[in-house]
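Undergrad: One structure is given below, represented as structure tokens, and several questions about it will come after.
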Amino acid sequence: MAEVRLDGITRTFGDEAAVDDVDLTVRDGEILGVVGPSGCGKTTTLRTIAGFETPDAGRVLFDGEDVTHVPPERRNVGLVFQSYALFDNMSVAANVAFGLKMQGVGRTERRERAEELLELLDIAELADRSPTTLSGGQQQRVGLARALAVEPDILLLDEPMTGLDANLKERLRTELGSLLEELGVTALYVTHDQQEAMVMCDRIAVLNDGTVEQVGDPAALYERPANQFVADFVGTSNVLPATVAGGTLDLGFTAGPCSLPDTGDGKAIVRPDDFVVGGDDVEGVVRDRFYLGGEVRARVELPDGQLVTVALDGRDRAVGDAVALGLDTDALHVVDAATGAGAGGADSPETTPGSAVQ
């Protein structure tokens, strides 16, 4: 295991910066998720840690040691790709032991280590099978076993569950998260699936246009987003014009006391479950209704014409019905209207745009 730190990393391709002056730390033994839209720099960040990309500026450090120009094969990094990249001409056991063979580990030790990992991942019976005969979930476990076999300082996972069906993905992300926690391995987990990251990771870094917008635990990102981008990307959010002055948060249709610092005009981030159905702050009209299995949501039109997404909490509301809504203004999070940055205060996020990420 190791602490991995990116110090001012910049990597450009032509005139485009894939990552731009990124400071990011993966703490020893933690699982750090990296999320963001396509092209935001997630995979470039991972490839830079692995050694497949050399930054134009900045340093990569493992436990304080500069490895920026150390080749990939000397970094002791484990890799799990979305394609799994298994060797079809080898058995499952041989795939798992391959990295150890490249390190010069003896045959008996390789076999024992492979058997140990296959047993740990509950696929010992697959040892003699060809990867071509395995399901997607089984291939994922083999790929993980192969990456863990070399006892890496850091495990890098790049969209490892892409292509799996929803039920299998839900089961495996819980199992994989528990396994990585049990092993205490330092891991960086790149995914476009925010829910996957929130279930599996200790902290999450949100990237956008090659920069880090915010890093924090899942609750911090959801409840105290650093800016509107994070609020929109992590979960569902309603962004409402707001004014914070004199200890009062005024949303236009309702106002109430709050503990936020006076910042004047801003934007309130209101999650669907922040609304209290049956409250007495405002009455709206249901314009759309969505059944999501364990949850029912609705788009509600407020008197001023704004549309907000509300969690109905199983209540029987039809399109066209009136619905009374309440809000706990003290529980809301407000970002700056011009920059979209968080207003700060006691509930400010762990990091904000431009800050170093530790």
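Undergrad: Could you figure out which of (1) under 19 Å from L327 (Cα atoms); (2) surrounded by fewer than 14 Cβ atoms within 10 Å (Cβ to Cβ) isn't true of D274?
TA: (2)
Undergrad: Sort out which residues of segment 21-42 are buried (at least 18 other Cβ atoms within 10 Å of the Cβ) and not in a loop (DSSP other than H, G, I, E, B), and write them in order of number.
TA: Within segment 21-42, V22, D23, L24, T25, V26, I31, L32, G33, V34, V35, K42 meet the criteria.
Undergrad: Let me spell it out: the conditions are (1) touching a residue at least 24 places away in the same chain (Cβ under 8 Å); (2) over 22 Å from the mean Cα position of the chain (by Cα), and D28 meets all of them except one. Which number is the exception?
TA: (2)
Undergrad: Might you let me know whether segment 77-86 holds any residue that is part of a loop (DSSP other than H, G, I, E, B), out of contact with any Gly (no Cβ under 6 Å at 6 or more places or on another chain) and under 12 Å from R146 (Cα atoms)?
TA: Yes: one or more hits.
Undergrad: Can you tell me which residue among P37, P72 is free of Cβ contacts under 8 Å to residues at least 40 places away in the same chain and assigned by TED's automatic domain parsing to the domain that holds M161?
TA: P72
Undergrad: Right, next: Is it fair to say D288 is in a strand (DSSP E or B), acidic (D, E) and under 23 Å from G256 (Cα atoms)?
TA: No, not satisfied.
Undergrad: Could you list all residues from segment 245-261 that are hydroxyl-bearing (S, T, Y) and under 30 Å from the mean Cα position of the chain (by Cα)?
TA: Within segment 245-261, S259 is the sole residue that qualifies.
Undergrad: Another one. Any residue that is within 23 Å of V206 (Cβ to Cβ) and either surrounded by 15 or more Cβ atoms within 10 Å (Cβ to Cβ) or modelled with pLDDT under 85 (or both) - is there at least one of those in segment 319-331?
TA: The answer is yes; a qualifying residue exists.
Undergrad: Examine segment 85-95 for a residue that is among the charged types (D, E, K, R), over 14 Å from L155 (Cα atoms) and at pLDDT 95 or above, and state whether such a residue exists.
TA: Scanning segment 85-95, I find no residue that is among the charged types (D, E, K, R), over 14 Å from L155 (Cα atoms) and at pLDDT 95 or above, so the answer is no.
Undergrad: Now, a different point. Being surrounded by 12 or more Cβ atoms within 10 Å (Cβ to Cβ), farther than 14 Å from V270 by Cα and at pLDDT 85 or above is the filter here; which residues of segment 305-318 pass it?
TA: L312
Undergrad: Yes or no: segment 146-169 includes at least one residue that is within 17 Å of the chain's Cα centre (by Cα) and in a helix (DSSP H, G or I).
TA: yes
Undergrad: For R141, are the conditions met, namely being crowded, with 18+ Cβ neighbours inside 10 Å and either out of contact with any Pro (no Cβ under 7 Å at 6 or more places or on another chain) or not assigned by TED's automatic domain parsing to the domain that holds A187 (or both)?
TA: yes
Undergrad: Out of all the residues in segment 190-227, which are of a type in the set (V, I, T), touching a residue at least 60 places away in the same chain (Cβ under 8 Å) and not in a strand (DSSP E or B)?
TA: Within segment 190-227, just T191 meets the criteria.
Undergrad: Another question, then. Scan segment 19-33 residue by residue and report those that are in contact with a helix residue (DSSP H, G or I) (Cβ under 6 Å, 6 or more places away or on another chain) and modelled with pLDDT of 95 or more.
TA: If the condition is that a residue be in contact with a helix residue (DSSP H, G or I) (Cβ under 6 Å, 6 or more places away or on another chain) and modelled with pLDDT of 95 or more, then V19, G33 are the ones that fit.
The values are calculated or read from the model by the stated rules, or taken from the named source; none is laboratory data. A quick note: this is a predicted structure, and the numbers were derived from the prediction, not measured. All Cβ positions, glycine included, derive from the backbone under ideal geometry; neighbour counts span all protein chains shown.
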